[in-house]
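The values are calculated or read from the model by the stated rules, or taken from the named source; none is laboratory data. Here the structure is a predicted model, which means the values were calculated and not measured. Every residue, glycine among them, receives a Cβ derived from its backbone with ideal geometry; neighbour counts consider all protein chains shown. Areas reflect the complete protein model, heavy atoms only, side chains present, ligands, DNA and RNA absent. Shrake-Rupley method; radii C 1.70, N 1.55, O 1.52, S 1.80 Å.
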Amino acid sequence: MLDISPGTKIDTMLSKLGQALASGDIDAAVNLFQADCYWRDLVTFTWNLKTLEGHEQIRDMLESQLSAAKPSNFVQDTKEAASEAGGVTDGWFEFETGVARGYGHIRLKDGLIWTLLTTMTELKGHEEPKGFRRPMGAEHGHDRDRKTWKEKREIEAAELGYSVQPEVVIIGGGQGGIALGARLRQLGVPTIIIEKNERPGDSWRKRYKSLCLHDPVWYDHLPYIPFPENWPVFTPKDKVGDWLEMYTKVMELNYWGSTTAKSVQYDETTGEWTVIVERDGKEVVLRPKQLVLATGMSGKANVPKFDGQDVFKGEQQHSSQHPGPDAYAGKKVVVIGSNNSAHDICAALWEAGADVTMLQRSSTHIVKSDSLMEIGLGDLYSERAVQGGMTTRKADLIFASLPYRIMHEFQIPIYDKIREKDADFYAALEKAGFMLDFGDDDSGLFMKYLRRGSGYYIDVGACDLVIDGSIKLKSGVDVSHLTENAVVLKDGTELPADLVVYATGYGSMNGWAADLISREVADKVGKCWGLGSNTTKDPGPWEGEQRNMWKPTQQEALWFHGGNLHQSRHYSQYLSLQLKARQVGIDTPVYGMTKPQHLS
Ligand SMILES: Cc1cc2nc3c(=O)[nH]c(=O)nc-3n(C[C@H](O)[C@H](O)[C@H](O)COP(=O)(O)OP(=O)(O)OC[C@H]3O[C@@H](n4cnc5c(N)ncnc54)[C@H](O)[C@@H]3O)c2cc1C
């Protein structure tokens, strides 16, 4: 029998899928999928971020959305070769809906669709001004009322928020607000970014002195302007700050620094938010149609309550307030927590000559940075990947194409390999008394991040200090109380301290909605983040996407944006398109809204 090429298999399937969808034959479309199948749709069919699992969910979605979506033109992207390995054929394709153009990825098993990813790339008639649509910049010809680019920017900046209302207000001008703001700017959606710090990048600058990005540069690009080829692998925090400041300026964002959002209310009848902000000491009232909270998923500090915190005479700081080690040489410091911030802070304090004890209350996942880069990220985000032709866009889409339900199955072997490679290191850590885990199902760092956003340290050196005892470790025991000068543990151990650092993480982003809007709205929306995997700190029910992030919430016109640089880059695309569609009045029938789960 003649071998059929992967490209032909993909072509045949796309043609069948296109025909079934175009003719409204839902049975035929569903039957093209394996029984065990996944369709992840990022906005094109569902106006939501949604993973459909199995025939029944796909059928239900198509019954609800197909006639409005009007999909057509499923064509293989021949610039990306289809391939075959381990009985799975995969390929890339373009397609359209009635109002948008999309791009997708497909995996076939036994001649049927196993995974399908459909993503929105642009809205027809509202394309970004790029390529052949690039703006001229100069206006050739003659005009006595000519305004320069600078004059126009100044007029816009003076009017927006005062005589002209923005369509969107983004509260929070960290990298999340900035990346989304850049996309909205390109889509022509008038937007103001509200940031209480003075300058873009300050949210990084204000973090502890020793911080460098934990993720490597290939993972961290912002939309439109990738880091140059000579950018360091792990960007120091002040350098990220400067990059964000430059980016905000050249992307022409309306960024209101030194401005604090004080209170926010939604008027159901006018469909408008009232956002009261204090800008340089003066109150300004903004009335956008859409509100995005980009206030940071690592922003609402969790500080545990212990008896005696009021009598302790030394300093107490949450990790987000820790300035760095300089003032603590020769001092005794207890750092409560054993994740990324705890390790970074302990190592820097030790370098500065402090006497540091790390208090580990529960087990932590540790992965060495070089192992993570080589085995965990290397195929998609590395110099090796770039040299092999991998682009950031393609890497993001490959990552997005793996359904969350089965993602751990791809991750477990990676961490098995890492455990084997670094067996001596892990044994030494355990010998030092450190409690290790690899996640509830041994699926490691990414799954922990997606499920709970915490519980790990990417080792860049602090573990050696724990292993050799330079950073003292107390593990498996909780704090009982504080005295005037010590932290007392439940086993009776007394740890003398001049400084206590609470490296105890952050709360859910809907807490920001409670602070700024109301408890009622925060509860209506429910918890942000997590997949509902029923693993530690990610309670069910299964959601299959990250709760409330980048997609419609139970509160009309309220959106949450955030996450690491990769997520912020990738998902800002879908959020910006959802906001643009609403601005221009495109019908956006949302499929599959879920009930709010867990209040914080
Ligand atoms: C120690 C540490 C290390 C990290 N390392 C990495 C890493 O290596 N790679 C990575 O991708 N991510 C990393 N992260 C995660 C990191 O938090 C995010 O990538 C990034 O900061 C998220 O950006 P953001 O814009 O969502 O939130 P933030 O950077 O937290 O920005 C939110 C902004 O909202 C502002 N704000 C809040 N309330 C108001 C208000 N009422 N009015 C006006 N402004 C307000 C704040 O001032 C802040 O600037 C790290 C986080 C921490 C804490």
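Overview of results
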{"read-out": "Global form of the range 56-136, assessed from the alpha-carbon gyration tensor, a/c cut-off 1.5", "value": "oblate"}
{"read-out": "For peptides 118-128, 215-225, sequence by mean Cβ density within 10 Å, most packed first", "value": "215-225, 118-128"}
{"read-out": "Calculated FRET efficiency for the pair Asn230/Glu430, C-beta based, R₀ 41 Å, to 0.05", "value": "0.55"}
{"read-out": "Distance (nanometres) between label positions extended 7 Å along Cα→Cβ at Asp60 and Asp77", "value": "3.0"}
{"read-out": "Packing-based order for 505-514, 456-465, using average beta carbon neighbours within 10 Å, highest first", "value": "505-514, 456-465"}
{"read-out": "Accessible area, probe 1.4 Å, largest first, for residues Glu154, Glu96", "value": "Glu154, Glu96"}
{"read-out": "Charged-residue dipole, Cβ positions (Lys, Arg, Asp, Glu), the chain about Cα centre, Debye nearest 20", "value": "1120"}
{"read-out": "Stretchable slack from Arg101 to Lys130, in nm (0.36 nm times residue separation minus alpha-carbon distance)", "value": "8.9 nm"}
{"read-out": "The range 362-508: antiparallel DSSP beta bridges as a percent of all, rounded to 5", "value": "55"}
{"read-out": "Charge-dipole axis of the chain as Lys and Arg at +1 and Asp and Glu at -1 on Cβ define it, positive-most pick from Pro200, Leu49, Pro589", "value": "Pro200"}
{"read-out": "Accessible area, probe 1.4 Å, largest first, for residues Phe234, Phe33, Phe425", "value": "Phe234, Phe425, Phe33"}
{"read-out": "Rough spin-label spacing in nm, given labels placed 7 Å along Cα→Cβ, for Thr148 and Ala68", "value": "4.8"}
{"read-out": "Greater than 19 Å apart at Cα, pairs in Lys448/Lys595; Lys527/Lys580; Lys448/Lys551; Lys196/Lys313; Lys9/Lys109; Lys147/Lys580", "value": "Lys448/Lys595; Lys527/Lys580; Lys448/Lys551; Lys196/Lys313; Lys147/Lys580"}
{"read-out": "Assigned charges on the beta-carbon of Lys, Arg, Asp, Glu; the range 507-600 dipole about Cα centre (debye)", "value": "140"}
{"read-out": "Of the trypsin sites (Lys or Arg not before Pro) in the range 425-529, those whose Cβ has at most 16 other Cβ within 10 Å and which sit in DSSP loop", "value": "Lys490"}
{"read-out": "Cα-centre dipole for the range 247-348 with unit charges at Cβ (Lys and Arg positive, Asp and Glu negative), debye to 20", "value": "180"}
{"read-out": "Taking the range 493-600 and dividing mean pair separation by its residue count, relative contact order in percent (alpha carbons under 8 Å, at least six apart)", "value": "25"}
{"read-out": "Whole-percent carbon and sulfur share, accessible surface of the chain, 1.4 Å", "value": "49"}
{"read-out": "C-alpha center-to-center spacing [the range 560-593, the range 24-75] in angstrom", "value": "19"}
{"read-out": "Residue-level accessible surface for Lys196, protein heavy atoms, 1.4 Å, Å²", "value": "130"}
{"read-out": "The chain: relative contact order as a whole-number percent, Cα under 8 Å and 6+ apart", "value": "16"}
{"read-out": "In order through the range 368-381: 3J(HN,Hα) via Karplus (6.51 cos²θ - 1.76 cosθ + 1.60), integer Hz, x for Gly, Pro", "value": "5, 4, 5, 5, 4, 5, 6, 9, x, 10, x, 5, 10, 10"}
{"read-out": "Probe 1.4 Å - accessible area at Asp90, Å² to nearest ten", "value": "40"}
{"read-out": "Accessible area of the range 343-450 divided out per residue, in Å², using a probe of 1.4 angstrom", "value": "40"}
{"read-out": "Coarse-grained scattering of the chain at q = 0.09, 0.12 Å⁻¹, given as base-10 log I(q)/I(0) from a Debye sum over alpha-carbon atoms", "value": "-0.77, -1.32"}
{"read-out": "Cα long-axis angle, helix 237-250 against the chain (0 to 90 degrees, to the nearest 10)", "value": "30"}
{"read-out": "Translational diffusion of the range 480-600, µm² s⁻¹ [Kirkwood Rh, Cα pairs; Stokes-Einstein; 20 °C; 1.002 mPa s]", "value": "125"}
{"read-out": "Relative contact order, percent, the range 143-198 [alpha-carbon distance under 8 Å, six or more residues apart]", "value": "35"}
{"read-out": "Solvent accessible area, Å² - Ile467, 1.4 Å probe, full protein context", "value": "60"}
{"read-out": "Accessible area, probe 1.4 Å, largest first, for residues Ser5, Ser371, Ser341", "value": "Ser5, Ser341, Ser371"}
{"read-out": "Lys/Arg +1, Asp/Glu -1 at C-beta; the range 326-477 dipole; positive extreme among Tyr381, Ser443, Ser369", "value": "Ser443"}
{"read-out": "Tilt relative to the chain, helix 392-401 - C-alpha long axis, 0 to 90 degrees, to 10", "value": "90"}
{"read-out": "Difference of contour (0.36 nm per residue) and Cα-Cα distance, Ala35 to Val88", "value": "17.6 nm"}
{"read-out": "Euclidean distance between Cα centres, the range 197-235 to the range 373-431, Å", "value": "21"}
{"read-out": "Dipole of the chain [Lys/Arg +1, Asp/Glu -1 at C-beta], most positive-end residue of Leu184, Thr270, Tyr506", "value": "Thr270"}
